[in-house]
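Each reported figure results from applying straightforward, stated rules to the coordinates on display, with no laboratory input. This structure is a prediction, so every number in the text was calculated from the model and none was measured. No Cβ is skipped: glycine too gets one built from the backbone with ideal geometry, and neighbour counts run over all protein chains shown.
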Amino acid sequence: MLFGEEGQERLKKAHIFIAGAGGLGSPVSLYLAVAGIGTITIADLDVVDQTNLNRQILHTDRDIGKKKTVSAEEKLTAINPDITIHAIDTRIDESNAARLIGNADGIVDAMDNYPARYLLNNIAIHNTIPLFHGAIRGFYGQATTIIPGKTPCLKCIFPKAPPKEVFPVVGVTAGVIGTVQATDVIKFILGSGDLLTNRLFIWDGLAGRADEIHAERMACCPACGGTNPEKGGKKK
Amino acid sequence: MTVKVRFFARFRELLGTDIPADPMDGATLLSLVRDLAQGKKDGYDAIFDEHGNFHEFVIVMRNGKRVEHEDAGAVRVADGDEIAVFPPVAGG
């Protein structure tokens, strides 16, 4: 067996918070649901729009105009009625992020902007919760897994946010990166395999090629303190 | 001297990737990437600001180690170096 009853039991006891029910949140939530993650909290404020449907496979044409959280809860419950879904219709911000995430075993970054990602990063560091980062653009994507206190945090790897832009994404890129993130969540819960820690996985769908870049902690990271946690770290 | 410059994501679309370069002795990391991007305005503008410095969000690595922007004009490239230049991908 792949991971046996004990592994399945671990998955059932796990609680994963997914920030976003869009392009990345769709494959992440679907695959974590069918893997049997016992509790999934998924948060999003948006309403399903027709332009989402090329990549947000959690939602269908019939869902246009519906809250993404409502649509997400319906699909995830239908695909696995034996798990608990908390779908929260809200924008994740500084006032609610820590409360929404609570004592989850992992945070999945399925956001579409860096300010929100940095917020998740701060909560992950403060509460020592792993953060599974993913991001996509066109045929390109990236992913890394952050274990607070042990690996570079998101701010160590990307200290400055890129300018905002609206750029199309082909749905398969969300599929590739979302399943890479979900794979690392499952491995983390099971305690098996090698996580995407200390490295950035980079996918180039046009070239059909995956690369990875070594990632290091920043000496004095303003978020995690890096290799000098006493100089700016936010850990407890 | 031969070095390899690897652009990623949007930079790759604009400038190509795995570009072998034969820089002059004394070339710095900044001058090398500038020279490669010169002539492709969109690519150059995506990486450099109006002063010819890396945009603050651009990640520059040399042989797997991050190079801070303020050092890029002083770090000299050496034979066999592999330079990676990439932007944070943002969408979700």
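From the Cα gyration tensor of the stretch A:1-108, with a ≥ b ≥ c the square roots of its eigenvalues, which class applies: rounded if a/c is under 1.5, or else prolate if a/b is larger than b/c, or else oblate?
Judged from the Cα gyration tensor, the stretch A:1-108 comes out oblate (a/c at least 1.5, b/c at or above a/b).
If you find the alpha carbon centre of the stretch A:86-134 and of the stretch B:45-92, how far apart are they in angstrom?
Going from one Cα centre to the other spans 29 Å.
Work through the residues other than B:Ala9 whose Cβ is under 9 Å from its Cβ and net out their charges, Lys, Arg +1 and Asp, Glu -1.
Value of the local net charge: +1.
Evaluate peptide A:129-142: per residue, the Cβ atoms of other protein chains within 10 Å of its Cβ; return the mean as an integer.
The per-residue average across the peptide is 4.
Return the subset of B:Lys40/B:Lys65; B:Lys4/B:Lys40; A:Lys75/A:Lys150 for which the Cα-Cα distance in this structure is over 25 Å, preserving the input order.
B:Lys40/B:Lys65; A:Lys75/A:Lys150
Report the Cα-based extents of the protein assembly as shown along its three principal axes, largest first, to the nearest Å.
65, 45, 43
Which of rounded, prolate, oblate describes the stretch A:80-148, given a ≥ b ≥ c as roots of the alpha-carbon gyration tensor eigenvalues and a/c under 1.5 marking rounded, otherwise prolate only if a/b is larger than b/c?
rounded
Calculate the mean, over all residues of peptide B:6-12, of how many other protein chain Cβ atoms lie within 10 angstrom of the residue's Cβ.
The shielding value for this peptide is 5.
State the Cα centre-to-centre distance between the stretch B:1-31 and the stretch A:187-218 in whole Å.
Result: 23 Å between the Cα centres.
Once amide H atoms are placed 1.01 Å from N in the peptide plane, what residues at a sequence separation of 5 or more from A:His86, or on another chain, have their amide H within under 5 Å of its amide H?
Answer set, sorted by chain and number: A:Ile40, A:Thr41, A:Ile42.
Rounded to the nearest angstrom and ordered from largest down, what semi-axes does the equivalent ellipsoid of chain B get from its C-alpha gyration tensor (root of 5λ)?
19, 14, 13
Residue by residue through A:159-165, how many Cβ atoms from other chains fall within 10 Å of the Cβ on average?
Across the residues of A:159-165, the mean count of other-chain Cβ atoms within 10 Å is 5.
Rank-order A:135-144, A:158-167, A:54-63, A:12-21 by packing density, defined as the average count of other C-beta atoms within 10 Å over each peptide's residues, highest first.
My ranking of the peptides, most packed first, is A:135-144, A:12-21, A:54-63, A:158-167.
Label points 7 Å out from Cα along the Cβ direction at B:Asp18 and A:Asn103: separation in nm?
It is 5.0 nm.
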